[in-house]
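Please read the structure below before turning to the comments.
The values are calculated or read from the model by the stated rules, or taken from the named source; none is laboratory data. Since the model is a prediction, treat every value here as computed from it, not as a measurement. FYI the Cβ positions are ideal-geometry reconstructions off the backbone, even for glycines, and counts take in every protein chain you see.
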Amino acid sequence: MLVCLYSVVLAGALIAAYLLRWDFSIPQSYVEQCLWLLVPVVVCKLLLLGSFGQFRAMLSYFSLHDFACIVVSNAVATAAMFVVWLFTTEGAAPPRGVILIDNILAVGGLAAVRLGLRILHNRSIRIAESPGRVFSRAVIIGAGDTGSALVNDLLTKPGFGVVPAFFLDDDPKKWGRQLHGIRIFGPIEKLPEMAQIEKVSEAILTMPGAGPRKVAEVIRLAQYAGLKTSIVPSFTQLAAGQVQVNRFRPVELEDLLGREPAVLDSESIDELIRDRVVMVTGAGGSIGSELCRQIAARKPKQLLLVDQSEVQLFQIEQELVSRTEEGVCQALVADVLDTARIHEIFGRYRPSVVFHAAAHKHVFMMERQPAEAVKNNFVGTHRLAQAARSFGVERFVLISTDKAINPTSVMGATKRLAEYAIQAAQSSPGNKTKFMAVRFGNVLGSSGSVIPIFKRQIAAGGPVTVTHPEVTRYFMTIPEAVGLVLQAATMGEGGEVFVLDMGTPMKIVNVARQLIQLSGFKPDVDIEIKFIGLRPGEKLYEELQHRGENLDRTAHSRVMRLRSEPIGREVFEACVSELAGAVYSLDDDDLKLLIKKYVPEYTPHLSTAKSALEGGENAKALPEAGTGNAATEAAGAPAETATGGEEEKAAPEENGGAETDAADSPRQSTSAVGS
């Protein structure tokens, strides 16, 4: 079909060239010349077009490359006719004027045919894809290459259901111009005003090179204007071919943080990871899985993925297998309380670096079963640290939490005890392992954290539940937090507790309002925000350091170092002995009071009428439980029991207090501590 169309256009162009040359009154001799040259000229041009691949092109698609092929092939044909005209007798080639006019008409005619076919194709798609469809008008923020590509797709592919209304850009040189027929206005600060004038309902950010602060500023303007907001992928994703420019996504809360990406010392992190055996516990959790991703990218000799949940372990293993060489990733089902299994792993694989991210993290759930928090978060960390020391691990990094600071929850108090455990291991006689902990707050998108809970509540039509109007939390993205954990791991000399710069705390109620707006609704109008009160173990705000801890700067601006006196060895051994032996012999209140005996800054929530002060005194009078097999096993002797039953599923709490610590993976164990 394309050959026939091209033949008609080329023949018509030559005849029209003769007519135009003689003002539609062609001498008889040139009429005969035109008819005699018509076939050979058309055939030659068709052969040239074929040599440039034009007959393999699809009729309904026409690009700059196709246009260039048409121009070049006709230029070659025109040049050939000029050569014939110069070196042959009169009549063997058309006159010079005819040759030039023919070239112009042929190029224009062929391009017009192809462009017309493309327009017909696009219109047919629109008719087929949009019967009864309601289109939303959108402002495109950023009139650069990305914005241009997006608008071109939106105009030619109506399946997106979006009609670009106008551009907004900060470049004054673009104001008043058009791109793909769409007007460009500016500056971006005029968004609320222009949105009202142009009656748009959506804003699409096409500024992949803009910094986080600029993006956050534009998103807030769009929220103020009441627009549903989407964003195109980053330059990195576009360049890597991971996504296409038309795959714009909804704005997430991460985009509103406005934090510049942390600059890491990649050389020192590579030196820590490359060609070494690295072990990650809680590998299937939010932080653990991201640790595995970033570690795998730095070419370890082996990466040991340790988790009790085979389901989550399988998922992260499958994700990493395609990114690493065969045999690098080893998925190991294990419980940190199963000392025999942990010793077997250390003995077989000999890890050089251990990242301990396994923990029970759900605040309210642990309040109702403190024994499990003691076992997993404290005793499990103690056993793992002792195994690491025994097998000569070079570095051991505990993932801790800001809830360990002046804790009001069992989860926070047991993570503080876990910090005691690694400091005690550091000061053990003959120790050569560098033990350290890294504290940080909530991470966005963690399992059971406030953000997914809010999204589910919004999707259900509300209400969005927040514990208290004044409750605040620190937030980080998971990749940023993990990158800084790796950075801190390179700095530790042993015994330190590092604290990450988490920026400015955010009011949870403001987070709820922003998520409602990002979802296209109005807070307290379309979606109700309901305050339900603080629950046991929850705090109004988080803190950065304990009393008596000194906060020092490090070589990295977002990593701080805390120095404090570790708990005495005799006190720590008594702590392990008592708590390990008491997990099932004391009721919940008495166990919390026993924890307070060793974590004096802990303010427990008691189900009885006991006050915290009375609890502290009563704890001293509690019977010594740290005797027999329980005390021995808790101190690091091989466990006589295997892991027990199924992993405890830490179900998300349906409230907006953000009281699940996203710095820890919700894993490990229901094993018995004693024999």
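What to note about this one:
- In region 191-209, residue surrounded by the fewest Cβ atoms within 10 Å (Cβ to Cβ) [restricted to those that are in contact with a strand residue (DSSP E or B) (Cβ under 7 Å, 6 or more places away or on another chain) and part of a helix (DSSP H, G or I)]: GLU198
- Residues that are out of contact with any Asp or Glu (no Cβ under 6 Å at 6 or more places or on another chain), of a type outside the set (Val, Ile, Thr) and assigned to a strand (DSSP E or B), drawn from region 436-467: ASN442
- With respect to being crowded, with 22+ Cβ neighbours inside 10 Å and either more than 30 Å from GLY211 (Cα to Cα) or among the aliphatic types (A, V, I, L, M) (or both), LEU313 fits the description.
- Of all residues in region 434-463, those satisfying the criterion of being at pLDDT 90 or above, of a type outside the set (Phe, Trp, Tyr) and under 24 Å from GLU290 (Cβ atoms) are LYS434, MET436, ALA437, VAL438, ARG439.
- Residues considered: VAL410, VAL397, VAL450. Of these, the only one that is under 19 Å from the mean Cα position of the chain (by Cα), crowded, with 24+ Cβ neighbours inside 10 Å and touching a residue at least 24 places away in the same chain (Cβ under 8 Å) is VAL450.
- Residue match in region 392-402 (condition: over 27 Å from ILE269 (Cβ atoms) and among the polar types (S, T, N, Q)): no
- Candidate set: region 82-98, residues that are surrounded by 13 or more Cβ atoms within 10 Å (Cβ to Cβ) and among the aromatic types (Phe, Trp, Tyr); chosen: the one nearest to the chain's Cα centre (by Cα): PHE82
- Top-ranked residue in region 286-305 [being of a type in the set (A, V, I, L, M) and more than 18 Å from VAL438 (Cβ to Cβ); ranked as surrounded by the most Cβ atoms within 10 Å (Cβ to Cβ)]: LEU305
- Single residue of SER400, SER390, SER427 found to be among the polar types (S, T, N, Q) and either farther than 17 Å from VAL354 by Cα or not assigned by TED's automatic domain parsing to the domain that holds ASP335 (or both): SER427
- Any hit, region 210-221, residues being crowded, with 21+ Cβ neighbours inside 10 Å, modelled with pLDDT of 85 or more, of a type in the set (A, V, I, L, M, F, W, C) and in contact with a Gly (Cβ under 7 Å, 6 or more places away or on another chain): no
- For region 364-388, taking the residues that are touching a His at 6+ places or on another chain (Cβ under 9 Å) and among the hydrophobic types (A, V, I, L, M, F, W, C), the one that is surrounded by the most Cβ atoms within 10 Å (Cβ to Cβ) is identified as LEU384.
- Cβ pairs under 6 Å, 6+ apart, first in region 19-31 and under 14 Å from PRO94 (Cα atoms) and assigned by TED's automatic domain parsing to the domain that holds ALA92, second of a type in the set (Val, Ile, Thr) and surrounded by 10 or more Cβ atoms within 10 Å (Cβ to Cβ): LEU20/ILE101; ARG21/VAL98
- With respect to the conditions (1) free of Cβ contacts under 8 Å to residues at least 12 places away in the same chain; (2) β-branched (Val, Ile, Thr); (3) surrounded by 15 or more Cβ atoms within 10 Å (Cβ to Cβ), ILE15 falls short on a single one, namely (1).
- Residue within region 621-630 that is in a helix (DSSP H, G or I), modelled with pLDDT of 85 or more and surrounded by 13 or more Cβ atoms within 10 Å (Cβ to Cβ) present: no
- Considering region 471-526, the residues that are of a type in the set (Val, Ile, Thr) and assigned to a helix (DSSP H, G or I) include one that is surrounded by the most Cβ atoms within 10 Å (Cβ to Cβ), namely VAL482.
- Among the candidates VAL576, VAL571, the residue that is out of contact with any Pro (no Cβ under 8 Å at 6 or more places or on another chain), modelled with pLDDT of 90 or more and surrounded by fewer than 16 Cβ atoms within 10 Å (Cβ to Cβ) is uniquely VAL571.
- Restricting attention to region 150-190, the residues being farther than 17 Å from ILE219 by Cβ and in a loop (DSSP other than H, G, I, E, B) number 9.
- The single condition from (1) modelled with pLDDT of 95 or more; (2) assigned to a helix (DSSP H, G or I); (3) touching a Lys or Arg at 6+ places or on another chain (Cβ under 9 Å) that LEU398 fails is (2).
- Residue match in region 417-435 (condition: of a type outside the set (Lys, Arg) and part of a strand (DSSP E or B)): yes
- Of all residues in region 270-285 being assigned to a helix (DSSP H, G or I) and surrounded by fewer than 19 Cβ atoms within 10 Å (Cβ to Cβ), the one that is farthest from the chain's Cα centre (by Cα): GLU271
- The lone exception for PHE248 - which of (1) over 17 Å from the mean Cα position of the chain (by Cα); (2) at pLDDT below 65 it fails: (1)
- Residue match in region 117-138 (condition: at pLDDT 80 or above and β-branched (Val, Ile, Thr)): no
- For region 82-95, the condition holds for no residue, the condition being that it is within 27 Å of LEU120 (Cβ to Cβ) and among the hydrophobic types (A, V, I, L, M, F, W, C).
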